[in-house]
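First up is the structure itself, then whatever we jot down about it.
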Amino acid sequence: LFCDLAGFTGFSEKHSPAEVVKFLNRYFELAQNVVSAHGGIINKFIGDAFMAIFNAPVPLETHADAAIAAALQFRTHYSDLSGEKPGIRLGIHSGEVLAGRIGSEQRQEYTVIGDAVNVASRIEALGKKVGENLLLSDATAELAATEGMPQLRKIGKIMLRGKSSGTVVYA
């Protein structure tokens, strides 16, 4: 799961660095609480974005459901944050990755690597183009339990940047 703030540059321009940091810390705290409550981990903060993973390092059989539930809950609670705030975009994709340490001898981090990570990031970014703040791939939709899941709307088969074949995306 990737989440990015929409309009963050404009938000930063209108606020002092201290105000921006205060907001980011509230945003990331909310993200951490919601993702953890659904069995995932925040793997990294990337500027004003974050990447969450489900099913690693601890196996989670219902990882697609957990990621969707976390995204829906995060979207709801984010709208409850007080004060001026940028919008959000969330993208979810499921697939095979390699989980482990990466880096140099002096500095390493735990992360996941694989095409599935790139696809999730591209799906999040696609939200800007299609005007949606929560998108997921057909791979995630197929793994998710249909009971209790909100109605999905097919956006279409999209050629994501850098990919050689299309990905079916839902809002």
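Hey, which of these cross-link pairs are over 32 Å Cα-Cα: 22/154; 14/157; 22/129; 85/129? Walk me through the numbers on the way to the answer.
Details: 22/154 37 Å; 14/157 38 Å; 22/129 29 Å; 85/129 20 Å.
Too far apart for the 32 Å limit: 22/154; 14/157.
Cα centroids of region 74-116 and region 1-39: how far apart, whole angstrom?
About 12 Å separates the Cα centre of region 74-116 from the one of region 1-39.
May I ask for the Kirkwood hydrodynamic radius of the chain, worked out over all distinct Cα pairs and given in angstroms to one decimal? Write out the running numbers ahead of the final one.
Details: mean 1/r = 0.0602 Å⁻¹.
The answer is 16.6 Å.
Which order do 68, 41 take when ranked by solvent-accessible area (1.4 Å probe, heavy atoms of all protein chains), largest first? Before the final figure, lay out each step's value.
Numbers: 68 15, 41 55 Å².
Result, largest first: 41, 68.
For 92, 102, give me the order by solvent-accessible area with a 1.4 Å probe, most accessible first, ignoring ligands, DNA and RNA. Let's see the in-between values first.
Numbers: 92 5, 102 80 Å².
Most to least solvent-accessible, the answer reads 102, 92.
Return the single residue from 35, 112, 20 with maximal mean-square fluctuation; model: Gaussian network over the chain, springs between Cα atoms under 10 Å.
Answer for the Gaussian network model of the chain: 20.
Once all Cα-Cα distances of region 31-115 are split into 10 Å bins that start at 0, what whole-number percent is in each one?
It works out to 16, 47, 27, 10, 0, in whole percents.
Counting DSSP beta bridges in the chain, what percent are antiparallel, to the nearest 5?
Working: 25 of 28 bridges.
Among the beta bridges of the chain, antiparallel pairing accounts for roughly 90 percent.
Nearest 20 debye, what's the magnitude of the dipole of region 62-171 about its Cα centre given +1 on Lys and Arg Cβ and -1 on Asp and Glu Cβ? Could you put the intermediate results ahead of the total?
On the way: 13 positive and 12 negative charges, 102 e Å.
Value, rounded to 20: 500 debye.
Excluding ligands and nucleic acids, what accessible area in Å² is computed for residue 138 using a 1.4 Å probe, to the nearest 10?
Estimated to the nearest 10 Å², residue 138 gives 40 Å².
The values are calculated or read from the model by the stated rules, or taken from the named source; none is laboratory data. None of the values given here were measured: they were computed from a predicted structure. Cβ atoms come from the backbone with ideal geometry, glycine included; neighbour counts cover every protein chain shown. Heads up: the accessible areas ignore ligands, DNA and RNA and are worked out on the full protein's heavy atoms, side chains in. Shrake-Rupley method; radii C 1.70, N 1.55, O 1.52, S 1.80 Å.
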